[in-house]
Amino acid sequence: MAKTSEIHRVKGLKNKRILELDRKYVAPCYTRGHYTVFEKGKGVEVWDVEGNKYLDFAAGIGVVATGHCHPRVVKAIRDQAGKLIHMSGTDFFYEVQANLAEKLAEIAPGGKNKKVFFGNSGAEAVEACLKLAKYHTRRHRLIAFHGAFHGRTMGALSLTASKAIQRSRFGPLLPGVRHVSYGYCYRCAFNLTHPTCNFACVRYIEDEVFRTSVPAEDVAAIVIEPVQGEGGYVFPPDGYHQRLKALADKYDILIIDDEVQAGMGRTGKMFAIEHWGVKPDIVAVAKGIASGMPLGACIARSSLMDWVPGSHASTFGGNPISCSAALATIELLEGGLVDNAAKQGKYMLKKLQEMMVRHRFFGDVRGKGLMIGVEIVKDRDTKEYAKLTRDTIIQEAFKRGLVMLGCGPSSLRFMPPLVVTRREIDDALTIFDEAVSAVEKRKV
């Protein structure tokens, strides 16, 4: 690792040429924060086209769970690509798809008696979940949460409420979606304190929403992230998910568990909801499921997945190459990477909490496994958001060789590949510490 004070080389002609090509032909809607073209990766490290090396603590937005180009995943992809790339699981059968469905049914919360629908992404997995919930219950309303991110396709977008720009000019969206406050204790919408609040945020759904505007008997599902991702890496208090599930069960409402970012080992358990012992009715997974290959899945108990042929489908869903990559990924996760996420995450969280003493910008440090958020604020007493400061820290870290992403109004997220070592964590935190100190000196 180079000295952390060393600023990476100025981007050269190759980088410039590719950026110019991109600007000319690629849609401008992507939110790219760095004008850098990446070329290759291995494990936790990535290189740009100028040869600069970075530690990737974004993991492709939590996608490369097994690290960049893990040799066993690469072999699975190559082997399958040499046999069969596509026939369409909508009309034909693949052994590898059936094998993956069996495995997901085995490991997903709630036992083995499940079925799986395959798509290409997290948004498509969520779309399948909400369609299945409506189909099975014959109800038309949905409960979602402020701060939620479930995707950008129209149904998933209707559930999403993390940034207004994501919804701007796309209305009208799916009718019948009601958003309520998440269990965000650091910024409680009710100005209460856990546990004396007695979960006012959950009680509000029954006492106010069901009583005044949304008949409970019309609600098909409550759609929730076990940990809010794009919303700011928000971890609800212990007991929250249990109370929410009890409320849903009371009114025969399904719980859809969106594990797209928090699942597949990231929090130190295969599925984040397992930290709270809750068994959801339907589970959405994607991102880390196939180490970078496009794949999403909707998992539900067999009695619930009662839709008939033709009700839903996906041409590329469950592609044999993606399924092969997923089976290799799960084997690696079960073979030690989930345990590594728990172990290394505990170490990193402790180090960041210690760092909080030195840095006045840190309002809150929270996490489970390798899903850790640092909320950046202007003042710890007022908790005023500090988006510019957060964004400047990200840029300073990047110039020093650390890839990070923001989330929520002014939080930072640490989500390296699950293969990360203690040495790599120490290197990353040294860079991060320098970046924060540099920003503090500038009083951004």
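The values are calculated or read from the model by the stated rules, or taken from the named source; none is laboratory data. Note that the coordinates shown come from a computational prediction; the quantities given were computed from them, not determined experimentally. Neighbour counts are summed over all protein chains in view; Cβ atoms, including those assigned to glycine, are modelled from backbone coordinates with ideal geometry. Just so you know, the surface numbers come from the protein's heavy atoms only, side chains and all, with ligands and any DNA or RNA stripped out. Shrake-Rupley method; radii C 1.70, N 1.55, O 1.52, S 1.80 Å.
Check the range 216-237 and report whether any residue there is open to solvent by less than 40 Å² (accessible area, probe 1.4 Å), assigned to a loop (DSSP other than H, G, I, E, B), farther than 25 Å from K163 by Cα and not basic (K, R). There is no residue in the range 216-237 that is open to solvent by less than 40 Å² (accessible area, probe 1.4 Å), assigned to a loop (DSSP other than H, G, I, E, B), farther than 25 Å from K163 by Cα and not basic (K, R). Per the listing G111, G119, G176, the residue uniquely modelled with pLDDT under 95 and not polar (S, T, N, Q) is G111. When R32 is tested against the conditions (1) farther than 23 Å from L405 by Cβ; (2) at pLDDT below 85, the lone failure is (1). Looking only at the range 254-298, count how many residues are of a type in the set (V, I, T) and free of Cβ contacts under 8 Å to residues at least 40 places away in the same chain. So the count comes out to 1.
Annotation: R390 fulfils all but one of (1) open to solvent by 10 Å² or more (accessible area, probe 1.4 Å); (2) in contact (Cβ under 8 Å) with a residue 40 or more places away in the chain; (3) not β-branched (V, I, T); the unmet one is (2).
Residues in the range 187-215 that are hydroxyl-bearing (S, T, Y) and either within 20 Å of D258 (Cβ to Cβ) or surrounded by 14 or more Cβ atoms within 10 Å (Cβ to Cβ) (or both): Y204 alone. Of the helices (runs of 4 or more DSSP H) lying entirely inside the range 41-131, those carrying at least 2 residues that are buried (at least 21 other Cβ atoms within 10 Å of the Cβ) and among the small types (G, A, S) are 59-62. The one condition from (1) in a helix (DSSP H, G or I); (2) out of contact with any Gly (no Cβ under 8 Å at 6 or more places or on another chain); (3) open to solvent by 20 Å² or more (accessible area, probe 1.4 Å) that L337 does not meet is (2).
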